[in-house]
Structures are given as C-alpha cells and as structure tokens.
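The values are calculated or read from the model by the stated rules, or taken from the named source; none is laboratory data. Note that the structure is a prediction, hence the values are computed from the model and not measured. Ideal geometry is used to build each Cβ from the backbone, glycine not excepted, and the neighbour counts take in all protein chains shown. In case anyone asks, the SASA skips ligands and DNA or RNA and just uses the protein heavy atoms, side chains included. Shrake-Rupley method; radii C 1.70, N 1.55, O 1.52, S 1.80 Å.
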Amino acid sequence: MVFMLKSVRPTIVAAFLVGLCQASLAQDYTLAAPGSESQVTATSKGATLFQNVRIFDGKSAALSAPSNVLVKGNIIERISVTPIAVDANADIRVIAAGGRVLMPGFIDAHWHSFMAATAMPLLTTADPSYLHILATRQAEATLMRGFTTVRDLGGPVFGLKRAIDEGTIKGPRIYPSGAMISQTSGHGDFRFPFELPRTPGGPLSQSETKGAAAIADSPDEVRLRAREQLRLGASQIKLMGGGGVSSQYNPIESTQFTEAEIRAAVEAAENWGTYVAVHAYTPRAIRQAIAAGVKCIEHGQLIDEPTAKLLAEKAIWWSLQPLIYDADVFARMTPVSQRKALEVFAGTENAYKLAKKYNIKTAFGTDILFNAGAATRQGAYLAQMVRWYTPAEALKMATADNGELMALSGFINPYPGKLGVVEVGALADLLLVEGNPLENIQLVADPDRNFLVVMKDGTIYKNTLSH
Ligand SMILES: [Zn+2]
C-alpha cells in the first residue's frame, strides 16, 4: 500500500489523507445531532433556587432543618439555612417549596432500558427500530418515576444514552454495559435450537447483531467482545457467570465461563479503568467470579454464608434485587422460568439477611424485565425494601450507596461528579417530594402524585408546583 502511494502524485496522496481524516471524524461522536435544537435547552439555562426545603441528603437518617438550595448549571452550588439572596435581574427560577422534602434522584443499579417493559416475544421478533422507539418512551417514564440514573446491565442502549445526554429525548443518565457477554448455552445465549451448531467465524445470531448479547467461548473471544463494548462506550462490562431465570436452556445451578475467561474480561475492563459485573446466583458461580477479579456480583440470591463472608472480606459489591413472588410477573413466565424463579424468590430473604449481617456493600436494583406493568412499579420495588431495612437505609441504598457504585467506572465514568447525594458540588439530580419518605417510604411507589419536581443535571423535567 505504501509502495503504491509513493508512485502517485503528492497532491493525490494529500487528498487521500484528508479523506481518511474525514472518514474517521464521521464515525465518531463529535458531529451534532441532526434535527431541531434540543428540547431541554430552554429549561436548563440559568439556575434554580429551592426555597424552604427539608433535605434528605442521601446518607443521613433524619431530614435537615428548613434550608435553601441553589443549583447553578448542573451542580448544587449552595445549601444554606439562611435565605439565599436572589438578584431580581438574574435568570434564576425560584421554587417556593413550603417545607417539602428535597432528596437525590434515585439510581437503579440493575436496569435494562431496552428490555424492561417490552415482552420477550416482541424482543425476539419485532423490527429493531420499533423496539428502540418503545425503549425511548420507557426512558422518559423511568425519569418521571424519579430514577435519574440507571446502570444498564445489558442491551443495545448506546444510541439511547447518546440521545438522552444530548437532550434529543428525555431519560435518565445511563451507565451502559452494552451486550451481555455469555458462553454458548449460557444465560445470554438467546439462540433457538435450530440455529446450532455455530460455525466458527460464521454469521452472528440476531441477538448479537442487535447488540443485546455477545457469545464468546474462550478467553480470547471474551477479551474481544469486552473490548468491543468498551469501544462502543460501555461504562462497565457485564458477564453471565451462571444460570438465569429468563433463559430457557440453562439450569439455574450451572456455573458459566471458566475463571480464565472471566479474567480476560476483567483485564480488558481494568485496562480501561473500569470493572466487570457478573450475573451469578450460586456460591460456586459467585466464587469463580471473585477469583477472577470481578468487582460486583449481580443477584446472588442462592448464596451461602461463607460466600457472603468472602464478599465482605474482599469488599465486593453485591447488586441485589428484592425479588419476591409477584403474581403478575410470575404469570407471564414460561414454566421453565417459573420453576427457576421460585428458587430465586426463596433465596431473597436469606440474601438480605446475610448482606446485613456482614455489612456487605449492597446496591439496590430492580432487574425488571419484559413487563410494562412491573416497570411502572419500579418505585414500589424500592418501597418493599422495608421488609429488610428501615426506610432511611433503603433510600440511602438507592441514592448515596448506588452513587458510590456508579463511581466504580473510574476514568471512563460517563458522568464524573457526585451522584446520589444532596451536597455542595454534587450533580443536581433532585426530587421534591410531597410528604416525608423517611417516615412513609410508600410515597416513592406513587411518583406521579408524590414527586412534584423532577430535576436531572440541573434541568427540570417535571414541576407541578408552578401554576
Ligand atoms: Zn438483569
């Protein structure tokens, strides 16, 4: 190639190189979004002053004294018990909160933006563009439920995240994992039996081309797939380390991948400043993931006491979901999934007991899948945490604690800054609540009625106080 270029005129070589530059620009994310100006720009300019709020700061078990909170740009700039003076000419939106509660927006540490509210048969058969439109609508609904951040544990959401971040559509901050990396026959292998055997080097299955899953069967393949997700913008890598409920072809007791395969992903992630989260229910699957260097275990309802101790000793995050029997969710499962779900539901009680006993770093997440009705109950999942925790502990987990987990993405954190707290310098993701959720956590199960203001990144997306 070099030899051939030498033989053509320098001007042609220059034109060729300019062409290359343009090509590399065009494939990157520096180009402006097409279409009209962002719809949120108008409300994001200037500043917002919340007057007379009592603050749940994401950590403390008690509300603050009546206070005033000034948001400038996307940052909480000032918190004061004395009035904050407002220049009449300044572009400041004043919200007279009348003593209501101001708290951090919620973080769902295990969410699937693409799949939460769309039924499985649709996901496997519908036009992908239609599925992305459904996910777009669900993203706005998620934000309106007060979830200002989600850690997305699998699914094609890079485009959705981009459109949200640039203000083209409304939705939460997304920490994307991209495709869920799975071994053949693992929890992320959604192929039909007639698609097997796979020809090495042959075409990808439809869930792979969609970006929902990536099937890998050696350390080299896992490394490649992990790096691909990082290239696309994953903030952490998701691996399927054991059997799951929604998949039909693998036992819940199965351990998936080998330690060497998981370690290949861990190396790729750590070289990129981030970490691997592994789906695992059983002690064996959890222990293999820990041995391979994984920093966060997803689910883990079938854990035993020695393995819980190990999580505590190694300061591994446990991303746990309050999965208990839900008649609506159960009724929509296949018989295979129902059998597996009953095992998991039965483990939830013990899992939270151990998480508390060993003071394990525990994240709150819902993992709602394929169910539009359940998605509307995202806040109710949080409210039912009072089976095991005080309201203050549950709310802290879904705000400040989850915010700490988000920071584990290190230097590739897509939203550097403090999340999940109301404090000076933190990112301004805020809810103004009617009533005190520290006394009555059920308030968060009815966001339409009880969340009067929803702010994300300093922008107000809902305000029913200003009539
Ligand atoms: Zn999940």
Residue in the stretch 319-334 that is crowded, with 19+ Cβ neighbours inside 10 Å, away from the ligand (no atom under 16 Å from the Cβ) and modelled with pLDDT of 95 or more present: no
Selection from the stretch 239-275 of residues that are among the hydrophobic types (A, V, I, L, M, F, W, C) and within 15 Å of the ligand (Cβ to nearest atom): Leu239, Met240, Val245, Ile252
Residues being part of a helix (DSSP H, G or I), surrounded by fewer than 23 Cβ atoms within 10 Å (Cβ to Cβ) and touching a strand residue (DSSP E or B) at 6+ places or on another chain (Cβ under 8 Å) - total across the stretch 357-378: 0
Close pairs from the stretch 219-233: first closer than 13 Å to Pro176 by Cβ, partner modelled with pLDDT under 95, Cβ under 9 Å, at least 6 apart: Gly233/Tyr29
Matching entry among Gly244, Gly233, Gly273 (being among the small types (Gly, Ala, Ser) and at pLDDT below 95): Gly244
Residues of the stretch 408-426 classified as in contact (Cβ under 8 Å) with a residue 60 or more places away in the chain and either more than 24 Å from Ile237 (Cβ to Cβ) or in a loop (DSSP other than H, G, I, E, B) (or both), total: 12
Breaking point among (1) open to solvent by 50 Å² or more (accessible area, probe 1.4 Å); (2) within 16 Å of the ligand (Cβ to nearest atom); (3) in contact with an Asp or Glu (Cβ under 9 Å, 6 or more places away or on another chain), for Met120: (3)
Members of the stretch 218-245 found to be open to solvent by 30 Å² or more (accessible area, probe 1.4 Å) and of a type outside the set (A, V, I, L, M, F, W, C), listed by number: Ser218, Pro219, Asp220, Glu221, Arg223, Arg225, Arg227, Glu228, Arg231, Gly233
Options Leu432, Leu405, Leu382: the member that is of a type outside the set (Gly, Ala, Ser), within 16 Å of the ligand (Cβ to nearest atom) and either outside any loop (DSSP other than H, G, I, E, B) or more than 22 Å from Asp152 (Cβ to Cβ) (or both): Leu405
Test: residue in the stretch 276-286 that is within 16 Å of the ligand (Cβ to nearest atom), open to solvent by less than 20 Å² (accessible area, probe 1.4 Å) and at pLDDT below 95: no
Identity of the residue in the stretch 132-186, polar (S, T, N, Q) and within 16 Å of the ligand (Cβ to nearest atom), that ends up surrounded by the fewest Cβ atoms within 10 Å (Cβ to Cβ): Gln138
